[in-house]
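Right, one structure below, let's go through it.
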Amino acid sequence: MRFLIRRTKYRMHESDLQLVEEVMCSGSFILIDLFFWSTLMTLMTLSLHYSLLGSALVFTSSYLFGAILYFSLKKWLGEPQD
């Protein structure tokens, strides 16, 4: 039964992986992912800060830290601009 199913060609898998890699490395995907991680961190630390201002501060600081880290590494490693 195994011999009846044809295997897909390596080039088809390579093009699919290239498309996934382009999406995963795009700047907009990274910033959207950073938004969700910052939201998750804010929700997980909600018991530590009991105010809306505290949660906004945690969200903003974590998002800004991640964005600054991303853009500085992008500039330092010499990635081409999107």
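Brief remarks follow.
- Test result for residue 41, touching a helix residue (DSSP H, G or I) at 6+ places or on another chain (Cβ under 7 Å), under 30 Å from residue 78 (Cβ atoms) and aliphatic (A, V, I, L, M): yes
- Among the candidates 78, 54, the residue that is under 24 Å from residue 23 (Cβ atoms), modelled with pLDDT under 95 and over 14 Å from the mean Cα position of the chain (by Cα) is uniquely 78.
- Matching residues in the stretch 24-82 - criterion: being surrounded by 10 or more Cβ atoms within 10 Å (Cβ to Cβ), touching a residue at least 24 places away in the same chain (Cβ under 8 Å) and assigned to a loop (DSSP other than H, G, I, E, B): 26
The values are calculated or read from the model by the stated rules, or taken from the named source; none is laboratory data. On a predicted model such as this, the values are computed, not experimentally measured, just so you know. Backbone-built Cβ (ideal geometry, glycine too); neighbour counts: all protein chains shown.
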